[in-house]
Amino acid sequence: MVSYKDLGLVNTREMFAKAVAGGYAIPAFNFNNMEQLQAIIQAAAETKSPVILQVSSGARKYANQTLLRYMAEGAVEYAKELGWEHPQICLHLDHGNSFELCKSCVDMGFSSVMIDASSLPYEENIALTKQVVDYAHKYDVTVEAELGVLAGVEDEVSAEESHYTRPEEVIDFATRSGCDSLAISIGTSHGAYKFKPEQCKRDPETGRLVPPPLAFDVLHEIEKKLPGFPIVLHGSSSVPQEYVDIINAHGGKLPDAVGIPEEQLREASKSAVCKINIDSDSRLAMTAAIRQVFDEKPGEFDPRKYLGPARDEMKKLYMHKIINVLGSDGKAE
Ligand code: G3H
Ligand code: 13P
Ligand code: ZN
């Protein structure tokens, strides 16, 4: 049993309370490799922003969970080396799908876990979430749950259409499950194709898709039912069109990729939404930078010469999200 407290990590309780009260959101960035982690920590340290490092089941399979855990531990020391005296870094399991997986993360030093039982019937979602909460809270590990279903592919959970979270269920769910934060469905979804072209309008000048707005009415209803309770948005990449353009101009093929407009994420950050999940945007930044090097310098074969620019681009992206979208800069001085 390893306690996250001995690794210098923090859980989400205080981060979220401050974020809700202060009208900003904490960035939750997924990581799978060293360059992503370096870029996240550099951006958080430079902006003094609290940050959540997310590990998905896919990341655990790809990079090995033990290695990822030690990388997160190393990240705390790295942050200090960069001059961030009191780093606020949370290590979080993204989309945990079983009690055993959540338990193993608690036992190996994660400070927060998500149990995503949103595909189960309501009562089973409550029961499984409560089982995880009962275990995690013994070690002061915080638990994120999910109610409602996001469109698209949610790890092993797939849904043809999103089912918005029903505001009339949230009080009962939060009270009986005991979760510390709640991921809701208001129109976001995972990946770089968040809407089908037929769900969007097309800007006649640019030819780009303009997606339908998020269901802010549902969010506000939920906030009224659970005042001050931490709300989480998954699937919140904005799919920056400049990256899509670079990728497509250098041999990639991402036609009509579309995300959540950043103004809407900024608006959500000012509400009870206090955690915003971003993964796809980092993948796009990395892919754009690497494709550009490969295309422009075909003789290059030193990985540092393409992973380096990719890391720089991701850092730029993370800093932009922190400062201009979520407003979490300066909140972990
Ligand atoms: O929620 C999904 C995240 O983007 C993680 O994706 O399962 O491919 O690692 P992944
Ligand atoms: P994106 O695919 O929009 O980046 O969402 C990531 C996410 O929700 C991770 O849990
Ligand atoms: Zn997610």
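Hey, how many Å between the Cα centroid of region 226-252 and the Cα centroid of region 6-42?
One Cα centre to the other: 17 Å.
On a straight-distance basis, which aspartates and glutamates could pair with Lys48 in a cross-link, Cα separation under 20 angstrom, same-chain partners fewer than 8 positions away excluded?
By straight Cα distance, Lys48 reaches Glu14, Glu35, Glu73, Glu77, Glu81, Glu85, Asp312, Glu313, Asp329, Glu333.
Which stretch or stretches of region 236-266 have amide N atoms under 11 Å from the point lying 7 Å from Phe294's Cα along the Cα→Cβ direction?
In region 236-266, the label zone of Phe294 (backbone N under 11 Å from the point 7 Å along Cα→Cβ) covers 250-253.
Quick check: at a probe of 1.4 Å, how many percent of the accessible area of the chain sits on carbon and sulfur atoms?
Carbon plus sulfur share of accessible area: 53 percent.
At q = 0.13, 0.14, 0.22 Å⁻¹, what is the log10 ratio I(q)/I(0) for region 1-119, with the Debye formula run over Cα points and no solvent?
-0.47, -0.54, -1.32
Which whole-Hz couplings ³J(HN,Hα) result when phi for each residue of region 39-54 is put into the Karplus expression 6.51 cos²θ - 1.76 cosθ + 1.60, θ = phi - 60°, listed in order with x for Gly and Pro?
Here the 3J(HN,Hα) series is 5, 4, 5, 4, 5, 5, 5, 5, 9, 6, 10, x, 8, 10, 8, 9 Hz.
So if I average 1/r over every pair of distinct C-alpha atoms in region 165-228 and take the inverse, what Kirkwood radius in Å does that give?
It works out to 14.0 Å.
Would you mind getting the Kirkwood hydrodynamic radius of region 231-322 from its Cα pairs, rounded to one decimal in Å?
It is 14.1 Å.
Normalised by the number of residues in region 47-196, what is the relative contact order in percent for Cα pairs under 8 Å and 6+ residues apart?
This gives 18 percent for region 47-196.
Can you say what percent of the DSSP beta bridges in the chain, counting only those with both residues inside, are antiparallel? Round to 5.
Values: 6 of 37 bridges.
Antiparallel: roughly 15 percent of the beta bridges in the chain.
Straight-line reach only, C-alpha to C-alpha below 26 angstrom: list the lysines that Lys194 could link to, leaving out same-chain residues fewer than 8 apart.
Here the lysines satisfying the reach criterion relative to Lys194 are Lys61, Lys253, Lys270, Lys275, Lys315, Lys316, Lys321.
Given a 1.4 Å probe, how much area per residue of the chain is accessible, in Å²?
43
Just in region 247-317: which chymotrypsin sites (Phe, Trp or Tyr not before Pro) are loop by DSSP and have at most 10 other Cβ atoms within 10 Å? Mind showing how you got there, number by number?
Values: sites: Phe294, Phe301, Tyr306; in loops: Phe301.
Those that pass, being in a loop and sparsely packed, are Phe301.
Step by step: find N for the chain, compute 2.2 N^0.38 Å, then divide the Cα radius of gyration by it. What's the final number?
Scaled against compact globular proteins, the figure is 0.96.
Quick one: net charge around Pro197, please, counting Lys, Arg +1 and Asp, Glu -1 for every other residue with C-beta under 12 Å from its C-beta.
+3
Quick check: net charge around Asp256, other residues with Cβ under 13 Å of its Cβ, Lys/Arg +1 and Asp/Glu -1?
Details: positive: Lys194, Lys196, Lys201, Arg202, Arg208, Lys253; negative: Glu198, Asp203, Asp245.
Neighbourhood net charge equals +3.
Which peptide among 19-26, 167-174, 38-45, 57-64 comes first, and what is the full order, when sorted by highest mean count of other Cβ atoms within 10 Å?
Peptide ranking by packing, descending: 38-45, 19-26, 167-174, 57-64.
Checking the cross-link filter: which lysines have an alpha carbon closer than 17 Å to that of Lys5, excluding same-chain neighbours under 8 positions apart?
Cross-link targets: Lys80, Lys103, Lys138.
Quote the charge dipole size of region 1-92 about the Cα centre in Debye, to the nearest 20; the model charges only the Cβ of Lys and Arg (+1) and of Asp and Glu (-1).
Details: 8 positive and 8 negative charges, 69 e Å.
Roughly 340 debye for region 1-92.
Per DSSP H run of n ≥ 4, the term is -39500 (n - 2.57); total these for the chain, divide by its residue number, and report the mean residue ellipticity at 222 nm rounded to 500 deg cm²/dmol.
-14000 deg cm²/dmol
Put +1 on the Cβ of each Lys and Arg and -1 on the Cβ of each Asp and Glu in region 171-212; which of Gly187, Pro212, Thr175 then has its Cα farthest toward the positive end of the dipole?
Checking the options against the dipole of region 171-212, the answer is Pro212.
Taking H placed 1.01 Å from N in the peptide plane, check which residues at least 5 places from Val210 or on another chain put their amide H under 5 Å from its amide H.
Lys201, Arg202, Asp203
The values are calculated or read from the model by the stated rules, or taken from the named source; none is laboratory data. None of the values given here were measured: they were computed from a predicted structure. Glycine also receives a Cβ, built like all others from the backbone with ideal geometry; neighbour counts cover every protein chain displayed. The protein model used for the area step is the full one, side chains on, heavy atoms only, and it has no ligands, DNA or RNA in it. Shrake-Rupley method; radii C 1.70, N 1.55, O 1.52, S 1.80 Å.
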